[in-house]
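Colleague: Sharing a structure here in structure tokens format.
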Amino acid sequence: MKQKNIERKLKSLMKGQKTYSKAMDLAIEQASIVLAQCGKLGGELDEASGVFDDRDGNNPNVQKMYLMLKLSEQSRKWLRELHLTLDTAGASTEEDAISKLINDMRNDGQK
């Protein structure tokens, strides 16, 4: 999905929740950029095949997976900033299911 389409959808969601204001346009734009990049990279990884456990990081698939992890973290943070997730509607600081999954993946990689 194109970045401008994502931006329109985010604004629409926020208007539906009555949380949209013109001052949030910059945050909405940044969130849409990250989500668009994440979608593009996801499409590339969907077609990828080969070894993903190259410890040197020379395999392009490994580098893409690492970038996908970072982009997913950024997109989650931007969506939280915009109050567009169920877990953060009350601004809780507890870990959600995605945070736990990311932490588990990091811990497995350090073993």
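Colleague: How many residues does segment 4-29 contain that are in a helix (DSSP H, G or I) and either surrounded by fewer than 17 Cβ atoms within 10 Å (Cβ to Cβ) or charged (D, E, K, R) (or both)?
Modeller: So the answer is 16.
Colleague: Further question: Name, by its number, the condition in (1) surrounded by fewer than 16 Cβ atoms within 10 Å (Cβ to Cβ); (2) modelled with pLDDT of 85 or more that does not hold for residue 34.
Modeller: It is condition (1) that residue 34 fails.
Colleague: Residue 46 fails exactly one of the following numbered conditions: (1) modelled with pLDDT of 75 or more; (2) surrounded by fewer than 12 Cβ atoms within 10 Å (Cβ to Cβ); (3) in a helix (DSSP H, G or I). What is the number of that condition?
Modeller: (1)
Colleague: I would also like to ask the following. Every residue in segment 1-23 that is of a type outside the set (D, E, K, R) and closer than 16 Å to residue 75 by Cβ, please.
Modeller: Of everything in segment 1-23, those that are of a type outside the set (D, E, K, R) and closer than 16 Å to residue 75 by Cβ turn out to be 1, 3, 5, 6, 10, 13, 14.
The values are calculated or read from the model by the stated rules, or taken from the named source; none is laboratory data. Computed from a predicted model, the values in this text were never measured in an experiment. Virtual Cβ from ideal backbone geometry, glycine too; neighbours counted across all protein chains shown.
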